[in-house]
Amino acid sequence: MREIALYIHVPFCIQKCRYCDFVSYPYLRPESISDYFKVLTQELQIRTENDKLQNVVLKSIYFGGGTPSLVSPEILNDFLLLLRQNFRFSESIEITVEANPGTLNSEKIREFAHLGVNRLSIGIQSFQNRFLSFLGRANREKEVHNLLTDLINTGLFLNWSFDLMYGLPFQTFSDWKKEMEHLLMYQPPHFSLYNLTLSHQVPLRIFLKKHLALFPGQDWEASIYRWTQQILRKYGYRRYEISNFAKPGYECLHNLTYWRNQEYLGLGVSSSSYLGGIRMRNASTLSHYQKRIKNCQSPVVTKDILNLKQKLAEEMILALRTSEGVETEKLFKTYPESLVQEKLIQLEDFAQSHFIHEREGRWILTSRGTLIANQLFLEILD
């Protein structure tokens, strides 16, 4: 039976964070979400037919954003019922909702759990008000603690995650140590760690150009990353992907689908899909997305059919992000020997520089390699 993952993009936020380059819009009226889910329903029907998805099994559903925790339990319930009518659900399905402090309380947590949501991913970024303010977050430290306290006290979610960000202006080791103290106090089963990365489109990019000296720099970020790995390891966390740590059994099933280069369907504005070896992307503005759906057209505006060399490079890069690494035997079974041999020479060169090591037929990034992973990936793509 064909299994896929499903991503649903919910593009509404209380306010836009200054570092965020995801497609999102201000949450101005409650009807905006209900109207959007009506369009999502139409897209589901179009995509199921166009992409021949009538007999697939969903192994994971991920509501990302934006701020999906703004969605009412009633709307979420209706959409999950619709999905059940269109697809089979795996017995071990993982259903994740991203949430931000200030948009979720104990009552809503209980309602989400009752609907079958079994994983929450909470956007925290920092436990300190001055950093939350700088990042343009809509909440403050008190709301962060309130949400985590409500979540733990309900006892309904064994599987949950939150994320923190490092590399912020004026951030010191002492500041980061405080963040880690809070993390270890709450002991999330899963944790994501990101350094501040600013695309050209976001407001903070201008600040970065004018005040580069205020940012800690790459050497500081590297030392923080190494130190954090060591601390988390002592408390039972395993780094299973460059930016993600989990206690055994709590790895994010949905994200593993991406890193294992497996199939997924993306619904909603700007969502991406990977089906039948084709990468697809929906219209990137809400108006364009809605217009196509209302005209009974697929919202997909780009399709990339990868050749074997591109597929091989992508699979290797995605696998190297994980602790599973690249399996040599699998590559030879899937791709022409000449292409694989060419890439293995690259991996051997990386190993000579101690960026990668080989273990039982798998090529895995070393701690040193994770610090320059993007550079290595560009070489693999070349």
* Asked: Has region 71-90 got any residue that is open to solvent by 10 Å² or more (accessible area, probe 1.4 Å) and within 20 Å of the chain's Cα centre (by Cα)?
  -> no
* Would you mind telling me which numbered condition in (1) over 19 Å from Q15 (Cα atoms); (2) in a loop (DSSP other than H, G, I, E, B) N153 fails? => (2)
* **Residues within region 1-29 that are open to solvent by 10 Å² or more (accessible area, probe 1.4 Å) and within 15 Å of the chain's Cα centre (by Cα), tallied** => 5
* Asked: among the basic types (K, R) and under 21 Å from the mean Cα position of the chain (by Cα), is that true of R239?
  -> yes
* Provide a single number: the residues in region 88-145 that are in contact with a Cys (Cβ under 7 Å, 6 or more places away or on another chain) and at negative phi. => 2
* To do: Can you confirm whether region 330-351 contains a residue that is in a helix (DSSP H, G or I), hydrophobic (A, V, I, L, M, F, W, C), farther than 27 Å from L256 by Cβ and open to solvent by less than 70 Å² (accessible area, probe 1.4 Å)?
  => no
* Asked: Does Q54 count as open to solvent by 20 Å² or more (accessible area, probe 1.4 Å) and closer than 20 Å to S272 by Cβ?
  -> no
* Structure fact -> Taking region 102-130 and keeping only residues that are open to solvent by less than 50 Å² (accessible area, probe 1.4 Å) and touching a strand residue (DSSP E or B) at 6+ places or on another chain (Cβ under 7 Å), one is left with F112, G116, V117, R119, L120, S121, I122, G123, I124, Q125, S126
* To do: Provide a single number: the residues in region 184-210 that are open to solvent by 70 Å² or more (accessible area, probe 1.4 Å) and either in a strand (DSSP E or B) or touching a Pro at 6+ places or on another chain (Cβ under 7 Å) (or both).
  => 1
* Asked: Of the residues that make up region 160-177, is at least one open to solvent by 50 Å² or more (accessible area, probe 1.4 Å) and closer than 20 Å to L198 by Cα?
  -> yes
* To do: Assess whether Y258 counts as being surrounded by 15 or more Cβ atoms within 10 Å (Cβ to Cβ), closer than 26 Å to E43 by Cα and of a type in the set (F, W, Y).
  => yes
* **Long-range neighbours under 6 Å by Cβ, at least six apart or interchain, first residue at positive phi within region 316-340, second at pLDDT below 95 and surrounded by 14 or more Cβ atoms within 10 Å (Cβ to Cβ)** => none
* Within region 293-329, which residues are assigned to a helix (DSSP H, G or I), touching a helix residue (DSSP H, G or I) at 6+ places or on another chain (Cβ under 9 Å) and either open to solvent by 30 Å² or more (accessible area, probe 1.4 Å) or within 17 Å of R281 (Cβ to Cβ) (or both)? -> I293, K294, L308, K309, Q310, K311, E314, L318
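The values are calculated or read from the model by the stated rules, or taken from the named source; none is laboratory data. Quick caveat, the model's predicted, so the values are computed rather than measured. Cβ coordinates were reconstructed from backbone atoms using ideal geometry, including for glycine residues, and neighbour counts include every protein chain displayed. Ligands, DNA and RNA are stripped out before the accessible areas are found, and what is left, the full protein with its side chains, is counted by its heavy atoms. Shrake-Rupley method; radii C 1.70, N 1.55, O 1.52, S 1.80 Å.
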